[in-house]
Amino acid sequence: MSARYKIYIFFLSTILFISCDRVTKDLAKKHLMNKPTVSYFNKTVQLMYVENTGAAMSFGDGLPKTAGLWLLGILPLAFLLYLSVYILRQTEQMRAMKVFSFALIISGGLGNIIDRLLFDRHVTDFMVIGTESIRTGVFNFADVCVSAGAIGLLFFYRDKKIAKPEIPA
C-alpha cells in the first residue's frame, strides 16, 4: 500500500474516531447526566455519567488548575502532535495496520485533551465493564481507542514482514 493511502487512512480514521468520541460524550451528557446508572447483561455493562478532572482512574485529580492544564493538556497535546509528525514522516516504512494503530492512540488522546481544554479539565466518562467483584474504572470511547491502538501496536510492532526461512533441499 502506498504512503499516500496510509496517510489518508491515518487522517480519516483520526477524524472518525474523534467524532465518535465527541458524539458518545454528548449522548452521555444528554441521557446519563443526573440519572441513575443503566445496566445491561446482568450488570456486566453499566452506563453512568462521571466527570473526571484527572487522567486514568482520576490520577492527578488534585493537581492545581495550572499544573493540571500543563500536565494533562498542553504537554500531552505537544507529544501527540510530535508523534503525528513522526508517523507521517515514517509512513512509507510502516504497515498500514501500524499507522491505523497510531491513529487510534492519537485520536483517543486528542479526544480527551479536547474535553480538558474546552470543559475546564472535565473529561466525560460513562462506561464500566465487569462482574460484581472485578470491574474496570469508568471510561469513554477515547480510552477504548487508546487501548485498542496500544494492543494493535503490540501485534504490529515489526515494520517489515519476516521472511520465511528457506528449507534446504
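Values in this text are rule-based calculations from the coordinates and carry no lab data. Here the structure is a predicted model, which is why all the values come from computation and not from measurement. With ideal geometry, Cβ positions are generated from the backbone for all residues, glycine too; neighbour counts draw on all protein chains shown.
Among the listed values (1) 21.3, 80; (2) 15.7, 46; (3) 18.8, 72, the one matching Rg and Dmax of the Cα atoms in Å as calculated from this structure is (3). The simple spin-label model puts a point 7 Å past each Cα toward its Cβ; for Ile151 and Val45 those points are separated by 1.4 nm.
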